[in-house]
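These notes concern the structure reproduced below.
The values are calculated or read from the model by the stated rules, or taken from the named source; none is laboratory data. Only a predicted model underlies this, so the values are computations on that prediction, with no experimental measurement involved. In this analysis, Cβ positions are derived from the backbone assuming ideal geometry, glycine residues included, and neighbour counts consider all displayed protein chains.
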Amino acid sequence: MTTNQNRNGAKFGGIYRSLIAVLGEPVELHRTSPLYWCDNALEVLLATILTQATSDKNALQSWRNLKQLCKEPSDILSLDEKVLLEAIKPAGIMTRRAKTLVGVLRTIHDRFGEYTLNQLAGDPGLAREILNNLPGVGPKTAACTMLFGLGLPCFPVDTHINRIACRMGWVASKSTPANTQLLLTETIPPEYHADLHILLLNLGRRYCRPTTPDCSHCPLSGECRFGSKSS
């Protein structure tokens, strides 16, 4: 292990412990996400599509609706369009979202001849290539599928986590989520990827908000450039 790896392990290990002390255990926080209630990588992918541009509460309700209607992910293709739209209505933008779900399933079947992503489990490079080229799937959705579905090293970054990373000085102040994701995947030790993703996501929702951030109660304020300027 290199000096940088040791340094990053100590740094993010400390951040992990500070966040748990205030936010609680990641596994409990994750229960509000539809990803927690998935049985395989393909389900994680579909559930993550439901989380795009909506709250976990709305995405979870849509995912529960789908699970009640479909024993297998491929059953989505057999649903009447009106039934599918009604099922995912809580997540919003249901017409576009339904098109993405159907397109993803068909593309995966065309590629592998079956409805599964198991072939990607041992190959991070191939997984990244295949997932990022699916219709309606961007870097964060692909990363969530890799991490939570396939167990591959990847650190998903959404707008909340990107905001925190910029304010903390982990990346450049105007870094995009996609660029921050690449940098943090390399910087944060893999053993912290899943837990820190969940913890930082919740930190962004509760404390490190886009406007009126609660810096005075944030567990990372002592190490944060933005927090020190606000105090």
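Some notes on this structure:
- The range 49-89, subset among the β-branched types (Val, Ile, Thr) and under 17 Å from the mean Cα position of the chain (by Cα), residue surrounded by the fewest Cβ atoms within 10 Å (Cβ to Cβ): Thr54
- Breaking point among (1) of a type outside the set (D, E, K, R); (2) assigned to a helix (DSSP H, G or I); (3) in the same structural domain as Ala143 (by TED's automatic domain parsing), for Thr54: (2)
- Candidate set: the range 159-175, residues that are of a type in the set (Ser, Thr, Tyr) and outside any helix (DSSP H, G or I); chosen: the one surrounded by the fewest Cβ atoms within 10 Å (Cβ to Cβ): Ser173
- Residue within the range 193-202 that is of a type outside the set (Asp, Glu) and more than 19 Å from Gly9 (Cα to Cα) present: yes
- Residues located in the range 56-99, provided they are among the small types (Gly, Ala, Ser) and under 18 Å from Gly136 (Cα atoms): Ala59, Ser62, Ser74, Ala91, Gly92, Ala98
- Test: residue in the range 178-191 that is among the small types (Gly, Ala, Ser) and either outside any loop (DSSP other than H, G, I, E, B) or touching a strand residue (DSSP E or B) at 6+ places or on another chain (Cβ under 8 Å) (or both): yes
- The residues of the range 113-172 that are on the phi > 0 side of the Ramachandran plot and either more than 16 Å from the chain's Cα centre (by Cα) or modelled with pLDDT under 95 (or both), listed by number, are Gly113, Gly169.
- Pairs are defined by a Cβ separation below 8 Å, a sequence spacing of at least 6 or placement on different chains, a first member in the range 170-185 that is within 20 Å of Gly9 (Cβ to Cβ), and a second member that is part of a loop (DSSP other than H, G, I, E, B) and among the polar types (S, T, N, Q); the pairs so defined are Leu183/Ser175.
- All conditions but one from (1) in contact with a helix residue (DSSP H, G or I) (Cβ under 8 Å, 6 or more places away or on another chain); (2) closer than 18 Å to Lys140 by Cβ; (3) not small (Gly, Ala, Ser) apply to Cys218; the one that does not is (2).
- Residue that is surrounded by fewer than 16 Cβ atoms within 10 Å (Cβ to Cβ), aliphatic (A, V, I, L, M) and under 19 Å from Ile49 (Cα atoms), where the choices are Ala194, Ala178: Ala178
- Filter result for Leu19 (touching a residue at least 60 places away in the same chain (Cβ under 8 Å), surrounded by 15 or more Cβ atoms within 10 Å (Cβ to Cβ) and in a helix (DSSP H, G or I)): yes
- For the range 210-231, a residue qualifies if it is surrounded by 15 or more Cβ atoms within 10 Å (Cβ to Cβ), under 23 Å from the mean Cα position of the chain (by Cα) and over 24 Å from Gln5 (Cα atoms), and the qualifying residues are Pro213, Cys218.
- Ser175 meets all of the listed conditions (1) assigned by TED's automatic domain parsing to the domain that holds Thr211; (2) hydroxyl-bearing (Ser, Thr, Tyr); (3) closer than 24 Å to Glu72 by Cβ but one, namely (3).
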